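Here's the structure, in structure tokens; my notes come after.
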Amino acid sequence: MKLSVTHFRQQQPYTCLVTCVRMILAYAGQDHTEDELSNAFNTIPMWGTQPEAVISGLETLGYHGLWFENAGLERLFDLLNHGWPVIVFLRAADLPHGHTGIHAIVIIGIEGNDILYLDPTVEKELHLDIPLFLVAWANLGNQGMVAWI
């Protein structure tokens, strides 16, 4: 099972979360630029965006968001099965292509033993073995976020 989510690349090194939200809103049929969302979410240049600021910014834009923690694979399955792409938070160094810092990616599916995801720092859809993903996700408390209109 895989959701058809438009993949955007982040335009700044600190806008991974903003770009992930942009992907989810585009999936819901809502078009926004990275700059629009960065402003709405009070993104701090060279630092990034706080999840709390995304939730309040989404509400200001007329959308809804939920930031959660301590979730499990079952919650991901459930959200994806209901058509919800999920933003998760990881340490970039825990990804095969990552470097440093906290990073956001969009989970778009689970196929076989792989998590399918879109990373705003790369061009293509990626996959990660479920056990490796679960370890990486647990390092930041199994946090995630969903948004809807």
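The values are calculated or read from the model by the stated rules, or taken from the named source; none is laboratory data. What you see is a predicted model, and the numbers here were worked out from it, not measured in a lab. Every residue, glycine as well, gets a Cβ built from its backbone with ideal geometry; the counts of neighbours run over all protein chains shown.
One table, with the values for the structure above:
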item: The one condition in (1) touching a residue at least 24 places away in the same chain (Cβ under 8 Å); (2) closer than 15 Å to Val146 by Cβ; (3) surrounded by fewer than 19 Cβ atoms within 10 Å (Cβ to Cβ) that Met1 fails to fulfil; result: (2)
item: Residue among Phe68, Phe133, Phe89 that alone is aromatic (Phe, Trp, Tyr), closer than 18 Å to Thr19 by Cβ and within 15 Å of the chain's Cα centre (by Cα); result: Phe89
item: Selection within the stretch 100-149 - acidic (Asp, Glu) and at pLDDT 95 or above; result: Glu111, Asp114, Asp119, Glu125, Asp129
item: Unmet criterion (only one of (1) loosely packed, with under 13 Cβ neighbours inside 10 Å; (2) of a type in the set (D, E, K, R); (3) touching a Phe, Trp or Tyr at 6+ places or on another chain (Cβ under 9 Å)) for Asp114; result: (1)
item: Qualifying residue in the stretch 60-78 (condition: surrounded by fewer than 19 Cβ atoms within 10 Å (Cβ to Cβ), in a helix (DSSP H, G or I), of a type in the set (A, V, I, L, M, F, W, C) and free of Cβ contacts under 8 Å to residues at least 60 places away in the same chain); result: yes
